[in-house]
């Protein structure tokens, strides 16, 4: 499962270079050019790491860090900045950053720090197991594998169906890649075809959609992955 990184950097060439190298290492990168834009993007998605410049237009990186920490105490934050005084580093760490790297920086060291922060964050991530979920008149009981549909039908699903449902619902409104599904539902040693996953999505539409031909909830994004669209 590839980690998602929010990069907030206003210098275009550096931003492109950082994003390219992170993507080459297999990360998904979402970028912003200002503190305000970075906060908007943070509130809209789930990230495994935030990389912040300090000297940003309008709202500086320190204020962005404070705002993120008021919303989320867990996501790792790395400052990547030209402000390299001891006072700046102490301030950045005091307000909630996990690491502080000054420009110019060694690319290999930077990528190692990114990897370390993401591993640490994922290790400390609390379990988010769902027991029950309701949408559109449908009910899912994850512990018993039972569903009650808006059509008045009750059915017991397979373990794999429940695992896939849980993953999609936990990532509600996000596109979940085939690789994420492979790792979470099938395990790293199994290799289902895209058609196999499509068949599960078709089954979910049959169970839960008012009109399976015009899905409201379960969507296939060609060449990208699958998305559960929440209400």
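Structure notes:
- One chain, two ends: residue 4 and residue 116. Fully extended at 0.36 nm per residue, the span grows by 38.9 nm beyond their Cα-Cα distance.
- Angle of helix 107-124 to the longest C-alpha principal axis of the chain, folded into 0 to 90 degrees and rounded to 10: 50°.
- Principal-axis tilt of helix 159-170 within the chain, Cα atoms, nearest 10 degrees: 40
- Relative contact order [Cα under 8 Å, 6+ residues apart], the chain, whole percent: 13
- If R0 is 25 Å, the Cβ-Cβ spacing of residue 20 and residue 179 corresponds to a FRET efficiency of close to 0.80.
- On full extension, the segment bounded by residue 60 and residue 107 gains 14.6 nm, given 0.36 nm per residue less the C-alpha separation.
- Crossing angle, helix 194-208 versus the chain [Cα axis fit, 0-90 degrees, rounded to tens]: 60
- Here the calculated FRET efficiency for residue 85 and residue 46, from their Cβ-Cβ distance with R0 = 30 Å, stands at 0.35, rounded to the nearest 0.05.
- Förster-model FRET efficiency, 35 Å R0, residue 34 and residue 148, C-beta, rounded to 0.05: 0.15
- Global form of region 4-124, assessed from the alpha-carbon gyration tensor, a/c cut-off 1.5: rounded
- Gain upon complete extension [residue 70, residue 206; 0.36 nm per residue less C-alpha separation]: 44.8 nm
Read-outs throughout are calculated quantities, based only on the coordinates presented, and are distinct from any laboratory measurement. Being a predicted model, the structure only gives us computed values, none of them experimental. For neighbour counting, all protein chains shown are included, and Cβ atoms are generated from backbone atoms with ideal geometry for every residue, glycine included.
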